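Here's the structure we're looking at; comments come further down.
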There are 2 protein chains.
Amino acid sequence: MAIAALVFDVFGTLVDWRSGVAREAARILGPGIDAGAFADAWRRRYQPSLEPIRSGQRAYVDLDAIHADSLDEVMAEFGVAGVDPQTRAELVLAWHRLDGWPEVGEALARLRSRYLLAPLSNAHVGLAVALARRNGWHFDAVFGGGFSRDYKPKPALYLDAVAAFRLRPDETLMVAAHSSDLAAAGQLGLPTAHIARPLENGPGGGERRPSVPTTYAAADLADLAAQLGC
Amino acid sequence: MAIAALVFDVFGTLVDWRSGVAREAARILGPGIDAGAFADAWRRRYQPSLEPIRSGQRAYVDLDAIHADSLDEVMAEFGVAGVDPQTRAELVLAWHRLDGWPEVGEALARLRSRYLLAPLSNAHVGLAVALARRNGWHFDAVFGGGFSRDYKPKPALYLDAVAAFRLRPDETLMVAAHSSDLAAAGQLGLPTAHIARPLENGPGGGERRPSVPTTYAAADLADLAAQLGC
């Protein structure tokens, strides 16, 4: 096995979605809400909201549309009323304004010297590009939801990325902070790397180690780069 | 109209395919053939070979497969016989080893400070990435043949790129050295920029100016960057 490319989950793995969404919610909605809990409630609706698309009951819509749909429920839960359409659209853009975990930029630059790099996220292309631009990251291509018009952990997401790079599965390392994502990739023959993100969910914690067998397990992305000899 | 992204044709517009393919053909097949004419003959088969896919008669195959198909005819035309499969595969990779026109790298870096940038070529993702890596170019995403699984000038190629960036057509500038490409983009509402490439086809010349109305017409990519105020 000679790895030629690294493909990355983004939300939680490369960016700290909770701090960013909470910051934007507080900025836009004011100090009256518990912004961290607001971010958690929004995120909690994320995986269930993708199910109708994964199962083929609903045609593909991108993550901005998914986030806009679930925002209404979250606002109702927090007693936020009378929000105009422009403010709602601004809130959805919170997911475009997330900062990377501190070590990510330098680690990606090191990895880029030896490997092809691409996000393999449920984000659509414009969203993945916005996050890369905001954080100064340089990818070779953008795979995931927007490329395959479906959502992880559907096999097409992983296999489309491998095929687009003209690689074999065993040459493409899937990097994620979530064991379920790595399990799906591993079943397709991709090597896998788990990144510990104990702060992903704030007080709710995050995965400190994988709960499934993985090729690598790293304390953060810099640790993975070191393990790969970069 | 406020342009937010530039999308680029690649073969002829950003890279000098003729010199690169001729160099590789000479290296691989030896001095016995007219390498420039070999490159021309191969390129001449390019547009006709895409027609069955554009018309829906043939399922999408990528440009490596297209180039491999037509290579047999070109070798027969030049009396090249007894070429083993490994050498044939190496010849197909000539199209991955093309150098940019001299001003392109610096011009792209200038344009990148203000605009999103992506190739919008008939190349598949792996091929577009190989050319970008070889030349040190930095794009935000990769659109075109591999993204849309079809070939220009089919409308989906242009419209998929616009939609993936979440832009409107009038915010997305199509940049090409070929009037036919710009005509197709312009019909869909994209502004267009023609780049003069008088040496594209060697002694066969190249378009010195557009033969259709365009938003911009530039002497090279540095001239376009200057016209855009970068």
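Is region B:93-214 rounded, prolate or oblate when judged by the Cα gyration tensor, a ≥ b ≥ c being the square roots of its eigenvalues, rounded requiring a/c under 1.5 and prolate requiring a/b larger than b/c? The shape class here is rounded. Across peptide A:121-129, the mean count of Cβ atoms from other chains lying within 10 Å of each residue's own Cβ comes to 4. In the complete set of protein chains, residue-level accessible area for A:E77 is approximately 100 Å², probe 1.4 angstrom. The Cβ shell under 15 Å around A:A41 holds other residues with a net charge of -3, Lys and Arg each +1, Asp and Glu each -1.
Ranked from largest to smallest solvent-accessible area, with a 1.4 Å probe on the protein heavy atoms, A:H178, B:H124 come out as A:H178, B:H124. Given axes a ≥ b ≥ c from the Cα gyration tensor, I'd like to know whether region B:143-230 is rounded (a/c under 1.5), prolate (a/b larger than b/c) or oblate. Because a/c hits 1.5 or more and a/b fails to exceed b/c, region B:143-230 counts as oblate. When only the Cβ of Lys, Arg, Asp and Glu is charged (+1, +1, -1, -1), the dipole of the protein assembly as shown relative to its Cα centre reaches about 100 debye.
Protein-only accessible surface at a 1.4 angstrom probe places the residues A:Y216, B:Y151 in the order A:Y216, B:Y151, largest first.
Mind grabbing the interface size between A and B? I mean buried accessible area, both sides, 1.4 Å probe, in Å² to the nearest hundred.
The A and B chains share an interface burying roughly 1700 Å².
Ordered by packing density, taken as the mean number of other Cβ atoms within 10 Å over each peptide's residues, highest first, how do B:36-44, B:201-209 rank?
Taking the mean over residues of other Cβ atoms within 10 Å, the ranking is B:36-44, B:201-209.
Residue farthest toward the positive end of the dipole of region B:1-128, with Cβ of Lys/Arg at +1 and Asp/Glu at -1: which of B:A109, B:V83, B:L127? Farthest towards the positive end: B:A109. With the simple spin-label model, which puts each label point 7 Å out from Cα in the Cβ direction, the B:A37 to B:R58 separation comes to 2.6 nm.
As I understand it, the dipole of chain B uses +1 on the Cβ of Lys and Arg and -1 on the Cβ of Asp and Glu, about the Cα centre. Which of B:A25, B:A5, B:A176 lies farthest toward its positive end? Result: B:A5, furthest along the dipole toward the positive end.
Solvent-accessible surface of region A:17-96, averaged per residue with a 1.4 angstrom probe and all protein chains in place: 46 square angstrom. Our coupling estimate for region A:73-89, obtained by passing each phi through the Karplus curve with A = 6.51, B = -1.76, C = 1.60 and θ = phi - 60°, is 5, 5, 5, 4, 4, 9, x, 8, 10, x, 8, 6, x, 5, 5, 4, 5 Hz, Gly and Pro reported as x.
Using only side-chain charges placed at the Cβ, +1 for Lys and Arg and -1 for Asp and Glu, the dipole size of region B:83-230 relative to its Cα centre rounds to 200 debye.
Each other copy holds its own label point for A:S55; taking that point as 7 Å from Cα along Cα to Cβ, the gaps run 4.4 nm, nearest first. For chain B, the share of accessible area belonging to carbon and sulfur comes to 52 percent (1.4 Å probe, ligands and nucleic acids excluded).
The values are calculated or read from the model by the stated rules, or taken from the named source; none is laboratory data. Here the structure is a predicted model, which means the values were calculated and not measured. Glycine gets a Cβ as well: all are built from the backbone with ideal geometry, and neighbour counts include every protein chain shown. Accessible surface areas use protein heavy atoms only, side chains included; no ligands, DNA or RNA. Shrake-Rupley method; radii C 1.70, N 1.55, O 1.52, S 1.80 Å.
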